[in-house]
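Trainee: Can you keep this structure in mind? I'll have questions shortly.
Derivation of every value follows stated rules applied to the coordinates shown; laboratory data play no part. This is a predicted model, so every value here is computed, not measured. Glycine gets a Cβ as well: all are built from the backbone with ideal geometry, and neighbour counts include every protein chain shown.
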Amino acid sequence: MSAYTVTTIFLILLGGSVVLQAWLSRRQIRHVSGRREAVPADFAGQISAENHAKAADYTCANERFDLVKLAIGTLVLLGWTLFGGLEALNAWILPHTLEPLGVLGYQVALVFAFSLIGGVIDLPFDWYSNFRIEERFGFNRMTIGLWVSDLVKNLIVSTLIGLPLIAVVLWLMGVAGSLWWLWAWVFWMGFNLLLLVIYPMFIAPLFNKFEPLQDEALKQRVSTLMQRCGFSSRGLFVMDGSKRSAQSNAYFTGIGRSKRVVFYDTLLARLTHGELEAVLAHELGHFHHKHIVKLIAQTFIASLLALAALGWLAEQEAFFLGLGVQQNAEAPNDALALLLFSLSAPLAAFFIAPLMSVTSRRHEFEADAYACDNASGADLRSALLKLTEDNASTLTPEPLYARFYYSHPPMTERLAALRLTPMH
């Protein structure tokens, strides 16, 4: 494999993904905006024309913003690789860190500097999304102070968790021989399983308040449902999601003894007890069908394949030269390989993602059917309609766009399936 071959493959993947993303986004914008004025017949009388138009405008605004991010992100990616950005960063970091910090310290410093620069580049996009698009459509409830506070907390948590993680991976790359990637995968699996335990108990509370559910009638109803479904958790909690957004959600988090059910306060304010029970029954359906376990298994398999690919590429000089980086003569190149892989691998993953979405959409149908068996199908339908309206989700996505990107079936398909499911 030559450097020219690597560059050619990189540019083909980059060009193909950019063209496909732009094409799909333009299709979505035209399709949704062209149906802005007419509520689909199946939803007439259930979704107002005003809210339908708002959902269309919100969808198109986000798509147009995504096109801007795509263009700038492409330039940033080229800047890091073929235009010499990573090469320049490494040339500056190496002499300042190798002697005082050692080989491992230099590599961790390079990854940290790269991540910090990437985070700074992303800041304007995050700000615009929250304080322009979300604000315009009435969803944003964050203050600048809270936004800055979240950034600082994210930086601290990411540093405290991410740097030791990267340090262990880089250490394994240096000492574990040609099969380092297998040992790194074992460590990565253990770390992610540990994170599932500690996140709900120690990390999530740094950003939101979690209070025990106080509504006794709802608590009893939910507890009865979970008992009937054979599910146990460490508690039912209400999260103050309203301090950041007007949008609603509910989710399960954790594994084993750390499992808990979390409702957004905005969701409790919007749905009836029957609707909340149906939404929870849908989430229980994912556990009943072992969707979470299957997703974790898929993630672990994908990470194993990715690390194996990195293990091979890290030994190819052409991989470095083809992506605009000269290998170090006086220090290991493991961090450079890791960063180049993190920049280039998403281009290939982009074309594989739709296959994962197919499985995810099938899981949603299965969870909906389970909810109908264990709660009220009518309540589930009404809850989905309210969430669609409250979250400004479009009812008219472009079919090909939805097939490529959507992890959940379009609402029209979910409700159509529910109409065919026996109600209990």
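Trainee: Picking from Ala281, Trp181, Pro354, whose Cα lies most toward the positive end of the charge dipole for the chain (charges on Cβ: Lys, Arg +1; Asp, Glu -1)?
Mentor: Of the candidates, Ala281 comes out farthest on the positive side.
Trainee: What does the charge dipole of segment 271-424 about its Cα centre add up to, to the nearest 20 debye, if the Cβ of each Lys and Arg holds +1 and the Cβ of each Asp and Glu holds -1? Please report the intermediate quantities before stating the final value.
Mentor: Working: 9 positive and 16 negative charges, 84 e Å.
Computed about the Cα centre, the dipole is about 400 debye.
Trainee: Dividing the alpha-carbon radius of gyration of segment 156-286 by 2.2 N^0.38 Å (N being the number of residues), what value is obtained? Mind showing how you got there, number by number?
Mentor: Working: Rg = 18.8 Å, N = 131, 2.2 N^0.38 = 14.0 Å.
This ratio for segment 156-286 stands at 1.34.
Trainee: A further question on this structure: Which of the DSSP-defined H helices in the chain satisfy a minimum axial length of 24 Å, computed from C-alpha atoms, and a minimum mean Kyte-Doolittle hydropathy of -0.5? Walk me through the intermediate numbers first.
Mentor: Values: long enough: 3-34 (46 Å, 0.75); 49-80 (46 Å, 0.22); 85-128 (41 Å, 0.98); 144-175 (45 Å, 1.86); 180-198 (27 Å, 1.73); 291-313 (33 Å, 1.69); 334-374 (52 Å, 0.62).
Length and hydropathy pass: 3-34, 49-80, 85-128, 144-175, 180-198, 291-313, 334-374.
Trainee: Taking 7 Å along the Cα-to-C-beta vector as the label spot, tell me the Val68-Leu193 distance in nanometres, rounded to one decimal.
Mentor: Calculated label separation equals 4.5 nm.
Trainee: Bin width 5 Å, alpha-carbon pairs only: give the P(r) of segment 4-152 as whole percents, running from 0 to the bin holding the largest distance.
Mentor: 2, 8, 12, 12, 13, 14, 12, 10, 7, 5, 3, 2, 1, 0, 0
Trainee: Treating only the Cβ of Lys, Arg, Asp and Glu as charged (+1, +1, -1, -1), what charge dipole size does segment 202-353 show about its Cα centre? Round to the nearest 20 debye. List each step's numbers first, then the result.
Mentor: Working: 13 positive and 12 negative charges, 150 e Å.
Using Cβ point charges on Lys, Arg, Asp and Glu, segment 202-353 gives about 720 debye.
Trainee: For segment 122-210, what is the Kirkwood estimate of the hydrodynamic radius, computed as the reciprocal of the mean inverse distance between distinct Cα atoms, to one decimal in Å?
Mentor: On the way: mean 1/r = 0.0632 Å⁻¹.
Here the Kirkwood hydrodynamic radius works out to 15.8 Å.
Trainee: Please compare each pair in Lys54/Lys386; Lys54/Lys243; Lys209/Lys259; Lys153/Lys243; Lys69/Lys153; Lys69/Lys209 to a cut-off of 20 Å on the Cα-Cα distance and tell me which ones are over it. Don't jump to the answer; show the numbers that get you there.
Mentor: Values: Lys54/Lys386 14 Å; Lys54/Lys243 22 Å; Lys209/Lys259 17 Å; Lys153/Lys243 16 Å; Lys69/Lys153 25 Å; Lys69/Lys209 32 Å.
Where the Cα-Cα span goes over 20 Å, the pairs concerned are Lys54/Lys243; Lys69/Lys153; Lys69/Lys209.
Trainee: Could you line up Lys153, Lys386 from fewest to most neighbouring Cβ atoms inside 10 Å?
Mentor: Numbers: Lys153 13, Lys386 19.
Going from sparsest to densest Cβ surroundings: Lys153, Lys386.
Trainee: Taking 10 °C and 1.306 mPa s as the conditions, I'd like the Stokes-Einstein D for segment 270-400 in µm²/s, using the Kirkwood hydrodynamic radius from alpha carbon pairs.
Mentor: Numbers: Rh = 18.4 Å.
Rounded to a whole number, D works out at 86 µm²/s.
Trainee: Taking the Cα centre of segment 176-272 as the origin, how large is its charge dipole in debye, to the nearest 20, when only Lys and Arg (+1) and Asp and Glu (-1) carry charge on their Cβ atoms? Could the numbers behind the result be given before it?
Mentor: Numbers: 11 positive and 5 negative charges, 27 e Å.
Result for segment 176-272 is approximately 120 debye, rounded to the nearest 20.
Trainee: Given the rule -39500 (n - 2.57) for each run of at least 4 DSSP H residues, summed and divided by the residues of the chain, what is its mean residue ellipticity at 222 nm, to the nearest 500 deg cm²/dmol? Let's see the in-between values first.
Mentor: On the way: 14 runs with 295 residues, N = 424.
My calculation for the chain gives -24000 deg cm²/dmol from helical runs alone.
Trainee: By a straight-distance test (C-alpha under 18 Å), which aspartates and glutamates pair with Lys290 as possible cross-link partners, with residues fewer than eight away in the same chain excluded?
Mentor: Lys290 reaches Glu364, Glu366, Asp368, Asp373.
Trainee: Sticking with this one: Put +1 on the Cβ of each Lys and Arg and -1 on the Cβ of each Asp and Glu in the chain; which of Phe112, Leu420, Ile72 then has its Cα farthest toward the positive end of the dipole?
Mentor: Leu420
Trainee: Quick check: from the Cα gyration tensor, does the chain come out rounded (a/c under 1.5), prolate or oblate? If you can, show how the numbers build up before the last one.
Mentor: Numbers: a/c = 1.94, a/b = 1.56, b/c = 1.24.
Here the chain falls in the prolate category.
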